[in-house]
Amino acid sequence: MDRKQFLSRSLKVSLGALVAGPALASAASCNTPAGNDGERDDPSAAPTGSALQLMQIPLPYAYGALEPSIDAQTMEIHYTKHHAAYVKNVNEAIVAEGVQAQDEADLLARIGTFSAKVRNNAGGTWNHNFFWQVMGPGGKGMPEGKVLDALTAGFGSFEKFKELFTEAAMKRFGSGWAWLVERNGALAIGSTPNQDCPLMDVSELKGKPLLALDVWEHAYYLKYQNKRNEYVVNWWQVVNWDEVAKRMV
């Protein structure tokens, strides 16, 4: 082969590699699992390179396990759409904004230094992970043992605690949460707006969460429409008091 033929053949090989490179990259991207909107199917997965990744816990029971208090369709939409979206959005924001935090607790404790997107979605992630765990099928309706003793000591009786907690849930204007927290060795009841939680530095209510009730309309509207009071009344039947007991000192 003379020099002219060699150079001509080498040029063809080089051009072929330049064309094949983008084509292979395009093919690889087409094989990446994605939903209808082009995002990855796993809503809880943080983009590669994230310093911190928040996770959505597996739902501890079947969607219909809390019926008739909470219907299966509401549970499925609440978990797979609303909660999953919070997880997806906060992980994207952590990467996009270069958020640095040691862990989820550190993130919440300094949430006031981050954007509204991080605050709202980190709160939505944590609050729902907590909420699923303090509910369960086969509820007893009222606690026993140390939980009952603590509520009686703190509020005079379980019925008085229930009245005050219900009041906090009903008086929260718009969307938010009602909470039972432990603070400085005592129990307290309060509420927070939107997706704030008592672990946040900016929260109106601070303390260690023991029990929470989601009073956003998406938590009850399919079954109860605008009747938040009926939702709250029936919710007491699915409180997991054993889980509350584990969180008490």
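Each reported figure results from applying straightforward, stated rules to the coordinates on display, with no laboratory input. Quick caveat, the model's predicted, so the values are computed rather than measured. No Cβ is skipped: glycine too gets one built from the backbone with ideal geometry, and neighbour counts run over all protein chains shown.
Each Lys and Arg contributes +1 and each Asp and Glu -1, all at the Cβ; summed about the Cα centre of region 69-249, the dipole is approximately 200 debye. Computed from the Cα positions only, the extents of region 69-249 along the three principal axes stand at 48, 39, 27 Å, in decreasing order.
Charge dipole (Cα centre; +1 on Lys/Arg Cβ, -1 on Asp/Glu Cβ; no other charges) of region 98-178 amounts to roughly 260 debye. The label-point distance for ASN184 and ASP201, in a model that sets each label 7 Å from Cα toward Cβ, rounds to 2.1 nm. Mind checking which of LEU108, ILE189, HIS83 is farthest towards the positive end of region 69-249's charge dipole, using Cβ charges of +1 (Lys, Arg) and -1 (Asp, Glu) about the Cα centre? After comparing all options, I get ILE189.
Exceedance of the 22 Å cut-off in Cα-Cα distance is limited, within the set LYS146/LYS223; LYS162/LYS227; LYS140/LYS160; LYS162/LYS208, to LYS146/LYS223.
The separation of region 214-237 from region 99-137, counted between C-alpha centres, amounts to 23 Å.
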